[in-house]
Amino acid sequence: MKRPDATAVQKIWQAASPSVVPNLLRRMNERRLIEAVQAKGPLSRAALVRHTGISPPTVSKLVQSLIQARLLEEVEPQSGSAGRPAKLLRLAGKGVCIVAAVVDLKQCSLAAAGLDGTLREDRVVRFPTPDDYAQLLQTLVDHVRQLASAENAATLALGLCIPGLIDRRRQRVLLSANLHLLDGQRPAADLQRRLNIPVVLLHETDALCLGQRAFGPARGLDDLVLIDAAGGLGMAVMIGGQLLAGYRGLAGEIGHLTVEPHGRPCGCGNVGCLETVASDATLAERVSQRIGQTVNIDQVVEMVRRGTLQVDAELNQTLDYLAIGVAGAVNIFNPAAVLIHGRMFDLCDDAFDRLRASVARRALTPSLAECRILRASGGKLQSAVAATISHLTSVLGPKV
């Protein structure tokens, strides 16, 4: 495995132009170019000038440096263009790669991808989540090495996406309410020592938010909320293009807002948390209790589609509680959009419309007036790829 060190991107630049050490302004402008290409898709040099306001000579120099560093690549424009159209620039799909990993309650997923974020099924690995932390680390190491060795590219980083409260400054898991083997651990540091590549620890809802902005319906939005109602209930908030972190990086834990003071126990140690009544997992638990058989949300969806199961009562209750969380996010953060990730909306054709209607009854009318309630698209693995690429972009230099 090709193993750049913790300053991988900068080292690659310096290898391409060993006599030049980018200053702060240069790095900021390089980041602006990368972000423009990431947000707008393949762009010509002239289009980069228009989108960034950087002068044409400076754009030309920076683009050449980024191409040499294998962070951007040139592609021919689509056929049929008049005259001699300029070549387009896009994030590199060859030469360099990242590996993204998602650790979930039941299953782990890994993928290798170029900086363009394209996922190929032959570069995806899935395995059951081990019960032991040491075994989890070793299995991740083995699969990362296999994926990286199969790439004819330098591996820039591993992005590790997990559920739970993360102290972002110390890259330490403080509490994972649904996956306690991670409690108190520093998996990024532990993996980095073994793999000798940079590893960044990502909160799963932050990753989902960045994935929706990079590849989903929130593309181009700077003020949005992502609510993940799958295994638990997490929230990520982006304001002015920046993720809201809080003092220790713990902001957004809407799932642990108490909504039933004498309700069910939660994995966090409290009772009556929102995530105990408003997620795919809790919907499946209610159905399991009623039918006397343990089923997960995928099995519930399949049985409903076959016509062998009715879940109207459980779905209505879940949607009502979820709407409370969505309306709270609308009222508090005034976003341009709220995106919701969950499989419960596959249970019937109007499930998402029913959620929207419930939100409309609870949210402040002025706050909701220009806020779109959208279903998130794509999966957690694609989002982990997007978050890892976003992290690499952020280390290029400060955001303007």
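So here's what we get for this one:
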{"item": "Residues being surrounded by 16 or more Cβ atoms within 10 Å (Cβ to Cβ) and part of a strand (DSSP E or B) - total across region 252-261", "result": "0"}
{"item": "Where a residue in region 100-120 is in the same structural domain as Thr388 (by TED's automatic domain parsing) and in contact (Cβ under 8 Å) with a residue 24 or more places away in the chain and its partner, wherever it lies, is among the aromatic types (Phe, Trp, Tyr) and assigned to a strand (DSSP E or B), with Cβ under 8 Å and at least six apart", "result": "Cys108/Phe127"}
{"item": "Hey, Leu355 in contact with a helix residue (DSSP H, G or I) (Cβ under 7 Å, 6 or more places away or on another chain), modelled with pLDDT of 95 or more, surrounded by fewer than 18 Cβ atoms within 10 Å (Cβ to Cβ) and closer than 19 Å to Val225 by Cα or not", "result": "no"}
{"item": "Sole exception among (1) surrounded by fewer than 18 Cβ atoms within 10 Å (Cβ to Cβ); (2) in contact with a Lys or Arg (Cβ under 9 Å, 6 or more places away or on another chain); (3) more than 11 Å from Leu339 (Cβ to Cβ); (4) not polar (S, T, N, Q) for Leu201, by number", "result": "(1)"}
{"item": "Some residue of region 319-337 being closer than 28 Å to Ala112 by Cβ and either buried (at least 22 other Cβ atoms within 10 Å of the Cβ) or aromatic (Phe, Trp, Tyr) (or both)", "result": "no"}
{"item": "Scope region 281-311; condition without any contact (Cβ under 8 Å) to a residue 12 or more places away in the chain and closer than 22 Å to Leu179 by Cβ; matching residues", "result": "Glu285, Ser288, Thr294, Val295"}
{"item": "Counted residues, region 167-188 - those being closer than 14 Å to Lys106 by Cα, touching a helix residue (DSSP H, G or I) at 6+ places or on another chain (Cβ under 6 Å) and assigned to a loop (DSSP other than H, G, I, E, B)", "result": "1"}
{"item": "Index of the failed condition, Ile227 passing every other in (1) in the same structural domain as Leu115 (by TED's automatic domain parsing); (2) in contact with a strand residue (DSSP E or B) (Cβ under 6 Å, 6 or more places away or on another chain)", "result": "(1)"}
{"item": "Residue that is surrounded by the fewest Cβ atoms within 10 Å (Cβ to Cβ), among those in region 112-166 that are hydroxyl-bearing (Ser, Thr, Tyr) and assigned to a helix (DSSP H, G or I)", "result": "Ser149"}
{"item": "In region 342-373, the residues that are in contact (Cβ under 8 Å) with a residue 60 or more places away in the chain and either of a type in the set (D, E, K, R) or assigned by TED's automatic domain parsing to the domain that holds Ile162 (or both)", "result": "Arg343"}
{"item": "Filter pass, Gly211 being over 30 Å from Leu315 (Cα atoms), under 19 Å from the mean Cα position of the chain (by Cα) and not hydrophobic (A, V, I, L, M, F, W, C)", "result": "no"}
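Yes or no, residue by residue, for (1) buried (at least 17 other Cβ atoms within 10 Å of the Cβ); (2) farther than 18 Å from Glu204 by Cβ; (3) β-branched (Val, Ile, Thr):
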{"site": "Gln242", "(1), (2), (3)": "no, yes, no"}
{"site": "Leu250", "(1), (2), (3)": "no, no, no"}
{"site": "Gly263", "(1), (2), (3)": "no, yes, no"}
{"site": "Cys266", "(1), (2), (3)": "yes, no, no"}
{"site": "Val271", "(1), (2), (3)": "no, yes, yes"}
{"site": "Val277", "(1), (2), (3)": "yes, yes, yes"}
{"site": "Asp280", "(1), (2), (3)": "yes, no, no"}
{"site": "Ile291", "(1), (2), (3)": "no, yes, yes"}
{"site": "Thr294", "(1), (2), (3)": "no, yes, yes"}
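The values are calculated or read from the model by the stated rules, or taken from the named source; none is laboratory data. No experiment lies behind these values; they were computed from the predicted model shown. Glycine gets a Cβ as well: all are built from the backbone with ideal geometry, and neighbour counts include every protein chain shown.
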